[in-house]
Ligand SMILES: Nc1ncnc2c1ncn2[C@@H]1O[C@H](COP(=O)(O)OP(=O)(O)OP(=O)(O)O)[C@@H](O)[C@H]1O
Ligand SMILES: [Mg+2]
């Protein structure tokens, strides 16, 4: 079997008296569409924050492509090949749709953003290349028609797609999507499902996603782990998770 692209080994994080993620272990193979689900407050976003270097685990390890990345700062994690979107959309609202994606590309660019702003000849060429790449990503994400509008004018569902385009611009191997279908209508969420599948099939991305929309996650993800109160309560393929008594209990508890 090939080496996993991402591995959490007993990953734990404690905030004061609260163990938000408690000894969580799982591994994701390259090219998988993997789900991380669980009720509100289960620790899902906190896992993303540990993987992306926002928080340093208080116990255990995060291994990416064979390298231990605990405590590596977010910009370095991004350079290693992990990109994410946020549960609460974080775009540069005053910038255009295209500019938001170009910014993602600077991370992978030889020229840094400041020399580009100084209009060095090489930098202008590089910036032109980044704009072309960004435009191509907007095509993939079905946002090309909106490229020159302000990102804050996009409807909510399209802002979520734009966040994915920006993450893709960093040329990641692993994409972390935090509730990508949140706030979408059924048609938008089905379209997004097809797009995310395309990111794997045509662009070779590995995808780890958090989602409350069960139809979305069950149709898209090949395997998943379920957290509740920071601990794993189940793992498996969609058919195993759908009828898992612990999972049903955890979600019913949330509805009460
Ligand atoms: N920086 C922090 N300081 C203290 N507690 C935190 C911090 N970040 C998260 N928590 C707590 O950790 C727990 C897990 O939060 P997390 O955001 O990971 O949940 P989640 O599974 O993403 O939930 P949701 O589905 O509502 O987004 C919650 O109790 C939350 O309040
Ligand atoms: Mg969350």
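Please list the three semi-axes, largest first and in whole Å, of the ellipsoid equivalent to segment 145-216, using sqrt of 5 times the eigenvalues of its alpha carbon gyration tensor. If you can, show how the numbers build up before the last one.
Values: eigenvalues 69, 56, 22 Å².
Semi-axes from the Cα gyration tensor: 19, 17, 11 Å.
How much length is gained on full extension from residue 88 to residue 201, taking 0.36 nm per residue of separation minus their Cα-Cα distance? It would help to have the intermediate numbers written out before the result.
On the way: separation 113, 0.36 × 113 = 40.68 nm, distance 2.70 nm.
Full extension from residue 88 to residue 201 adds 38.0 nm.
Before anything else, pin down the relative contact order of segment 162-256: Cα pairs under 8 Å, at least 6 apart, normalised by residue count, whole percent. Don't jump to the answer; show the numbers that get you there.
Values: 86 pairs, mean separation 20.2, N = 95.
Over segment 162-256, the number comes to 21 percent.
In the Gaussian network model of the chain, springs joining C-alpha atoms below 10 Å, which of 86, 15, 106 carries the largest mean-square fluctuation?
Ranking 86, 15, 106 by mean-square fluctuation puts 15 first.
Report for the chain the percent antiparallel among DSSP-assigned beta bridges with both residues inside it, nearest 5.
If we restrict to bridges inside the chain, about 55 percent are antiparallel.
Given the DSSP H assignment, sum -39500 (n - 2.57) over each helix run of at least 4 residues in the chain and divide by its residue total; what's the result at 222 nm in deg cm²/dmol, nearest 500?
Rounded to the nearest 500, the figure is -12000 deg cm²/dmol.
Between 165, 239, 78, find the one with the highest GNM mean-square fluctuation for the chain; connect C-alpha pairs within less than 10 Å.
Residue with maximal mean-square fluctuation among 165, 239, 78: 239.
Any idea what the relative contact order of the chain is, in percent, if you count C-alpha pairs under 8 Å spaced at least 6 apart? Intermediate results must be reported in sequence, preceding the final value.
Numbers: 487 pairs, mean separation 67.4, N = 256.
In percent, rounded to a whole number, it is 26.
I'd like the distance separating the alpha-carbon centroids of segment 209-256 and segment 28-45, in whole Å.
Answer, in whole Å: 9.
For segment 34-116, what are the per-bin percents of Cα-Cα distances with bins 5 Å wide, up to the bin holding the maximum?
3, 12, 19, 20, 19, 14, 9, 3, 1, 0
Just to verify a number: FRET efficiency for residue 150 and residue 79, C-beta to C-beta distance, R0 = 25 Å, to 0.05? Don't skip to the end; give the middle numbers.
On the way: r = 29 Å, r/R0 = 1.15.
Plugging the Cβ-Cβ distance into 1/(1 + (r/R0)^6) gives 0.30.
Taking the C-alpha atoms of the chain, how large are the radius of gyration and the largest Cα-Cα span, Dmax, in Å?
Using the Cα atoms of the chain, the pair Rg, Dmax is 18.5, 62 Å.
Defining a contact as two alpha carbons under 8 Å apart and six or more residues distant in sequence, what relative contact order in percent does segment 141-196 show?
On the way: 27 pairs, mean separation 19.4, N = 56.
Relative contact order here is 35 percent.
Scale the Cα Rg of segment 188-256 by the rule-of-thumb value 2.2 N^0.38 Å and send over the ratio, two decimals. Let's see the in-between values first.
Details: Rg = 13.3 Å, N = 69, 2.2 N^0.38 = 11.0 Å.
After normalising by residue count via 2.2 N^0.38 Å, the value is 1.21.
Any chance you could tell me what percent of the C-alpha pair distances in segment 162-202 go past 13 Å? Each step should come with its number before you reach the end.
Numbers: 463 of 820 pairs.
Here the tail beyond 13 Å accounts for 56 percent of pairs.
With all distinct Cα pairs included, what does the Kirkwood hydrodynamic radius of segment 132-256 come out to in Å, to one decimal, could you say? All intermediate terms of the calculation are to be shown ahead of the outcome.
On the way: mean 1/r = 0.0632 Å⁻¹.
Over segment 132-256, the inverse of the mean reciprocal pair distance is 15.8 Å.
At q = 0.18, 0.26 Å⁻¹, what log₁₀ I(q)/I(0) does segment 27-71 have when each alpha carbon counts as one equal point scatterer in the Debye sum?
After summing over all Cα pairs, the log10 values are -0.62, -1.08.
Every read-out reported here was derived from the displayed coordinates using simple, explicitly stated rules and does not represent laboratory data. None of the values given here were measured: they were computed from a predicted structure. Methodologically, a virtual Cβ is constructed for each residue, glycine included, from the backbone with ideal geometry; neighbour enumeration extends over all protein chains shown.
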